[in-house]
Amino acid sequence: MARFYVLLGPPGAGKGTQAAIIAEKCAVPHISSGNIFRENLQNETELGKRAKIFMEKGELVPDEITIGMVEDRLSQTDCKNGALLDGYPRTPTQAQALNEFLNNHGNKINAVPFINVSSNDLIERLSGRWTCKAEGHVYHLKYKPPKQADICDLDGSALYQREDDKLATVEQRIKVYSEQTAPLIAFYKEKGLLYEVDGSLSIEQVTEKLLAIVENVE
Ligand code: AP5
C-alpha cells in the first residue's frame with residue numbers, strides 16, 4: 001500500500017535536511033514545493049516568474065498556483081508507492097486539497113511529523129545555511145559544514161545563500177508560518193496524524209525520532 005507523509009515545521013526547522021534522508025530510507029520521492037519553485041525560478045519559467053514575486057517577500061505563493069503544481073508532481077508514476085511532502089501543505093486550503101486528491105486516488109496521509117524549533121534557533125540556522133545550486137543539498141557553516149568551502153560534497157556544484165534567508169525576509173517567513181501554517185498543527189492533531197519531534201536536537205537525533213515514527217505508523 002502507498003504511504004504518504006507530510007513533514008511540518010517552521011522555516012529552517014530541518015524539513016529539507018530530514019526529508020532527503022527519510023525519503024531515501026522509505027524509498028519514496030521527496031517532494032519539496034520550495035525546491036520545485038526554486039527550479040522554476042532558475043529556469044525562468046512562467047511559474048518561476050509568478051512565484052518569485054511572493055518568495056522574495058517571504059510570502060506564500062497563492063494556493064491556486066501551488067496546489068496544481070504539487071498535484072501535477074504527485075500524479076507522476078514515481079509517486080505510486082507514496083511520497084514524503086516537505087513544505088506542502090502550508091495553508092488550510094492546501095491541506096483540504098491534499099486530502100481530496102489522495103482520497104480520489106484511493107490513498108491517505110499516514111503520518112504528519114512536526115519538527116518543532118524555537119524562533120531564535122531558526123534564525124541562526126537560516127543565517128548559516130548554504131544550499132547547493134544543482135540539487136538543493138543543504139549545509140550549515142556550524143552544524144553541517146561541507147568538506148570543502150563553497151562546494152557541495154555530493155555533486156561538486158557551487159553552494160549559495162538563498163535570497164530569502166536575509167534576516168528581514170526570514171522574520172517575515174516566520175510570521176507567515178505562525179499565521180497561515182501553524183493552524184495545520186491542530187488540524188492534523190485532531191485527525192490523530194500529528195507526531196511532534198524536538199527539532200532542537202542534533203540532525204542525527206532528529207532523524208532517529210522521525211524514522212521511529214514513519215516505521216511504526218499504520
Ligand atoms: P521552502 O523552501 O519550503 O522554505 P521553508 O519552509 O521556509 O523551509 P526551509 O527550506 O527554509 O527550511 P527547512 O525546514 O527545510 O530547513 P533545512 O533543512 O534547510 O519555501 C520557500 C518559499 O517558497 C516560501 O517562503 C514560499 O514563498 C514558497 N513556498 C514553498 N512552498 C509553498 C507552499 N506550499 N505554499 C505557498 N508557498 C510556498 O535546515 C535549515 C538549516 O539548519 C540548514 O543549514 C541545516 O543544515 C541546519 N539544520 C537542520 N537541522 C538541524 C539540526 N537538527 N541542528 C542544527 N542545524 C540543523
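Taken over region 65-75, the criterion of being touching a residue at least 12 places away in the same chain (Cβ under 8 Å) and not hydrophobic (A, V, I, L, M, F, W, C) is satisfied by Thr66, Glu71, Arg73.
Contact map, region 192-218: first residue over 16 Å from Asp86 (Cα atoms) and outside any helix (DSSP H, G or I), second residue at pLDDT 95 or above and away from the ligand (no atom under 11 Å from the Cβ), Cβ cut-off under 8 Å, separation 6 or more or different chains; pairs are Asp198/Asn116; Val217/Asn110; Val217/Ala111; Val217/Tyr195; Glu218/Asn110.
Considering (1) more than 11 Å from the ligand (Cβ to nearest atom); (2) closer than 23 Å to Ser202 by Cα; (3) buried (at least 17 other Cβ atoms within 10 Å of the Cβ), the lone condition that Lys25 does not fulfil carries the number (3). Go through region 134-149 and give me each residue that's assigned to a loop (DSSP other than H, G, I, E, B), at negative phi and under 17 Å from the mean Cα position of the chain (by Cα). Listed by number, the residues that qualify are Glu135, His137. Candidates Asp155, Asp78, Asp86: the one that is acidic (Asp, Glu) and under 15 Å from the mean Cα position of the chain (by Cα) is Asp86.
Residue-wise test of (1) of a type in the set (A, V, I, L, M); (2) more than 24 Å from Arg38 (Cβ to Cβ).
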residue	(1), (2)
His105	no, yes
Ile115	yes, no
Ser118	no, yes
Ile123	yes, no
Gly128	no, no
Ala134	yes, no
Lys147	no, no
Asp150	no, no
Asp155	no, no
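Between Leu98, Leu85, the distinction of being crowded, with 20+ Cβ neighbours inside 10 Å, in contact with a Phe, Trp or Tyr (Cβ under 8 Å, 6 or more places away or on another chain), touching a residue at least 12 places away in the same chain (Cβ under 8 Å) and assigned to a helix (DSSP H, G or I) belongs to Leu98 only.
The values are calculated or read from the model by the stated rules, or taken from the named source; none is laboratory data. The shown structure was predicted, so the numbers you read here are calculated from the model rather than taken from an experiment. Neighbour counts are summed over all protein chains in view; Cβ atoms, including those assigned to glycine, are modelled from backbone coordinates with ideal geometry.
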